[in-house]
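The values are calculated or read from the model by the stated rules, or taken from the named source; none is laboratory data. It should be emphasised that the depicted structure is a prediction, and the values quoted were computed from it without experimental measurement. No Cβ is skipped: glycine too gets one built from the backbone with ideal geometry, and neighbour counts run over all protein chains shown.
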Amino acid sequence: MLKSRRQRLLPFFETHDLDLLLIEHPVNLRYLSGFSGSEGALLLSPERGWFLCDSRYTVQAAQEVGDLCVIEQAQRQEGVAELVRQAGGCRLGFEASHTTVSNHQGLAARLPGVTLVGLGPELDAVRICKDASELGLLEQVAGLASASLESVLPLLQPGVREDEFALKLEFEMRRRGADGRGFDFIVASGVRGAMPHGRASDKAIQVGELVTIDFGAVQNGYHSDETVTVAVRTIDERQQRIYQAVLEAHDRAIAAVKPGISCRELDAQARDHIKEQGFGDYFGHGLGHGLGLDVHEKPVVSPRSEAVLEEGMVITIEPGIYIPGFGGVRIEDTVAVTADGCRLLTKVSKQLVIM
């Protein structure tokens, strides 16, 4: 499986006339080598590969990186440079999107005469379509997170602080086997719901408020992402109208997901409906994003996106309405694109819940 993933990089060698390719970004390292540690380097030629790490990770790498030559090296850049010199490479590709200026300068200084060729986001895009193993892991972590929220949601009562609820949710995820939270949870109640990224605060939840909960777990490196908005005890007519507009936009977009649809067109399915309901000025972000070993991956689902959906992509659908001084609603599911549509990975019902 890992070897087949690395074979997806072969076109880069030809397109950019590369002799070698250097991978150091932890997410790409895990995808291409299986290594789950925080620091290492993968050097690839079209025919073979070497994995470099320091003594902290030698045993771990030997266990996780089965079909690559593992080399212990105290100074990673010097180790990479020595391997490049031994291999006789003249053109070395690197991850331009993840390499600092200082690291680039250090590598260039160690490799006079070697041309460093920066590869941009197209390198990360090799992860854009998930294989069967990845889809299984994504469905597993999504189910774990959904079940965790359903378990603790009855605790969301008047007087409970947003951060208290977030902590209970994180504990429940860990109790069910998550390695941790996928990101800082958003728990935004009342007027704070107008902040799309309103991380949980010490505000106490009140009767009559809408509460937006954006949450996710991470397990085996893979992330989940889901958002629900619930009402506390009561809901007024305006809140109901906003919720219904977002829910209908969410449902229309999910019904439109299929291979071949552009991400721009998919975004319009939800955005146009929200505009028709009179709330177009209050939906400012894109409809969704890819999900996998990173919380935010390609493709981007937005009015500016050039991407087209393909079978195996995993994306979020998360329309929202955010009205300053009033509050907001966001509803989000994660879906896997199938041959003829999509499959929901997240499991919490998106029908309005009044706690």
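Counting residues in segment 148-171 that are assigned to a helix (DSSP H, G or I), within 22 Å of residue 291 (Cα to Cα), touching a strand residue (DSSP E or B) at 6+ places or on another chain (Cβ under 8 Å) and of a type outside the set (A, V, I, L, M, F, W, C) gives one or more.
Scan segment 97-121 for residues that are within 28 Å of residue 219 (Cα to Cα) and surrounded by 15 or more Cβ atoms within 10 Å (Cβ to Cβ) and jot them down. Listed by number, the residues that qualify are 98, 99. In summary, residue 214 fulfils each of the numbered conditions (1) outside any strand (DSSP E or B); (2) under 28 Å from residue 127 (Cα atoms); (3) in contact with a Phe, Trp or Tyr (Cβ under 7 Å, 6 or more places away or on another chain) with the single exception of condition (1).
For every residue, the table says whether it meets (1) farther than 30 Å from residue 174 by Cβ; (2) surrounded by 21 or more Cβ atoms within 10 Å (Cβ to Cβ); (3) more than 20 Å from the chain's Cα centre (by Cα); (4) modelled with pLDDT under 95.
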site	(1), (2), (3), (4)
221	no, no, no, no
225	no, yes, no, no
229	no, yes, yes, no
265	yes, no, yes, no
283	yes, yes, yes, no
287	yes, yes, no, no
304	yes, no, no, no
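Filtered by the rule that a residue be part of a strand (DSSP E or B), of a type in the set (A, V, I, L, M, F, W, C) and over 14 Å from residue 128 (Cβ atoms), segment 296-329 gives 317, 321, 323, 329.
In a residue-by-residue description of segment 157-170, the property of being under 30 Å from residue 339 (Cα atoms), small (Gly, Ala, Ser) and in the same structural domain as residue 285 (by TED's automatic domain parsing) applies to no position. In this structure, is residue 197 buried (at least 20 other Cβ atoms within 10 Å of the Cβ) and either part of a loop (DSSP other than H, G, I, E, B) or of a type outside the set (A, V, I, L, M, F, W, C) (or both)? No.
For segment 153-163, taking the residues that are surrounded by fewer than 16 Cβ atoms within 10 Å (Cβ to Cβ) and either polar (S, T, N, Q) or touching a helix residue (DSSP H, G or I) at 6+ places or on another chain (Cβ under 9 Å) (or both), the one that is farthest from residue 221 (Cα to Cα) is identified as 157. For residue 29, are the conditions met, namely being hydrophobic (A, V, I, L, M, F, W, C), in contact with a Gly (Cβ under 9 Å, 6 or more places away or on another chain) and part of a loop (DSSP other than H, G, I, E, B)? So residue 29 does not fit the description; no.
With respect to residue 55, is the statement that it is within 19 Å of residue 124 (Cα to Cα) and not assigned by TED's automatic domain parsing to the domain that holds residue 298 true? In short, no.
Looking only at residues that are charged (D, E, K, R) and touching a helix residue (DSSP H, G or I) at 6+ places or on another chain (Cβ under 6 Å) in segment 164-192, which one is farthest from residue 218 (Cα to Cα)? Among residues in segment 164-192 that are charged (D, E, K, R) and touching a helix residue (DSSP H, G or I) at 6+ places or on another chain (Cβ under 6 Å), the one farthest from residue 218 (Cα to Cα) is 168.
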